[in-house]
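Reading through the structure tokens given below for one structure.
The values are calculated or read from the model by the stated rules, or taken from the named source; none is laboratory data. Worth saying up front: this structure is predicted, and the values here are computed from it rather than measured. Here the Cβ positions follow ideal geometry from the backbone for every residue, glycine too, while neighbour counts run over all protein chains shown.
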Amino acid sequence: MNISTNYTFTDDELKGKVILVTGANRGFGRAMTLDLAKAGATVIMLGRDLGSLETTYDEVVDAGFVEPILYPLDLEGATPEHYEQLQKDVLDNFGQLDGLIHNAGIIGTMMPIEQYDLKLWYATMQINVNAPFMLTQALIPALNKSDDARILFLSSSVGRHARAYWGAYGVSKFAIEGLSKTLSEELEKTNIKTNSLDPRRMRTKMRQTAYPAENADNNPTPESMSPAIVYLMSKQSSALNGEQLTLALD
Ligand SMILES: NC(=O)c1ccc[n+]([C@@H]2O[C@H](COP(=O)([O-])OP(=O)(O)OC[C@H]3O[C@@H](n4cnc5c(N)ncnc54)[C@H](OP(=O)(O)O)[C@@H]3O)[C@@H](O)[C@H]2O)c1
């Protein structure tokens with residue numbers, strides 16, 4: 001299902017909502033953090049690089065949007081204990097969570113499966129699949145306290161149609177699609193809606209790494225796509241559950 005990126009919203013569209021974004025420091029995560037805060041949400045900005053997290057935090061505050069919360073955490077090394085602590089911090093400070101956006105990810109490398117580097121395979125699976133699984137598991141109780149919650153998994157076209165040489169990244173996105181669909185069925189009778197989203201091509205570091213020869217200026221900026229994330233966190237999208245969503249290049 002296609003989702004328009006041409007969504008206009010007011011500054012109280014997400015008022016009072018608490019939304020956690022992973023990889024909030026740069027790329028698409030930075031763009032959605034700015035729009036979610038602009039729409040009135042308190043964003044819990046999770047990322048591993050404190051310097052760039054603080055830079056994005058300053059941008060949000062300087063723009064006069066709702067002040068976010070910084071949550072430094074490296075998803076590669078994080079253990080269930082870290083996620084339990086995060087759940088405790090969320091519940092102690094906010095009493096509930098309204099949105100969980102699994103945006104952070106790494107591209108791994110372009111290589112045939114036959115030769116794929118084992119260490120990089122494990123790292124990609126840890127960051128792209130195991131971390132979202134553990135984070136979701138820990139935060140379901142907090143999401144259950146919201147009367148209208150969302151879990152959104154950032155996916156990719158290579159997680160829906162296999163493409164040679166995309167290796168651990170493609171396989172990790174297939175796993176994310178499975179996790180999203182399974183959760184949507186298990187949580188069907190709750191207030192939590194779960195969907196996956198292929199944002200298509202965006203002008204970010206990940207895209208540049210995957211396609212070093214292309215002219216990046218031809219790709220849409222993450223800022224032009226992020227209004228759709230506000231829509232997907234708002235009550236306007238409450239009918240969507242268990243969907244494989246794709247951002248429309250409109
Ligand atoms: N760009 C595209 O064209 C495109 C297309 C399809 C799907 N996607 C998906 O969209 C999402 C965002 O992609 P993007 O293009 O914005 O990528 P990006 O520019 O490479 O940003 C990736 C983000 O993930 C974070 N991250 C990576 N490893 C981490 C770790 N161990 N712990 C915590 N954070 C970590 C990065 O933080 P650091 O700054 O610390 O590295 C960064 O904030 C990804 O899930 C990607 O698969 C993107």
Discussion item. Just the residues that are under 14 Å from ARG150 (Cβ atoms), within 13 Å of the ligand (Cβ to nearest atom) and not in a strand (DSSP E or B), please, taken from the range 14-42.
Written reply: MET32
Item to complete: Please go through the range 43-56 and pick out each residue that is within 11 Å of the ligand (Cβ to nearest atom) and acidic (Asp, Glu).
Response: ASP49
Worksheet item: Applying the selection to the range 152-207, what residues are within 11 Å of the ligand (Cβ to nearest atom), touching a Ser or Thr at 6+ places or on another chain (Cβ under 7 Å) and hydroxyl-bearing (Ser, Thr, Tyr)?
Response: SER155, TYR169, SER172, SER196
Fill in: ARG200 vs. criteria surrounded by fewer than 22 Cβ atoms within 10 Å (Cβ to Cβ), of a type outside the set (Phe, Trp, Tyr) and on the phi > 0 side of the Ramachandran plot
yes
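Working carefully through the options ASN218, ASN191, find the one that is at pLDDT below 95 and more than 17 Å from the chain's Cα centre (by Cα). Even if it seems obvious, please write down each step before you answer.
Values: ASN191 fails: at pLDDT below 95.
Just one listed residue meets the conditions, ASN218.
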Item to complete: Look at the range 205-240 and say how many of its residues are farther than 28 Å from ALA149 by Cα and outside any helix (DSSP H, G or I).
Response: 7
Practice prompt. Answer yes or no: is there a residue in the range 139-148 that is touching a strand residue (DSSP E or B) at 6+ places or on another chain (Cβ under 8 Å), under 17 Å from GLY47 (Cα atoms) and within 16 Å of the ligand (Cβ to nearest atom).
Written response: yes
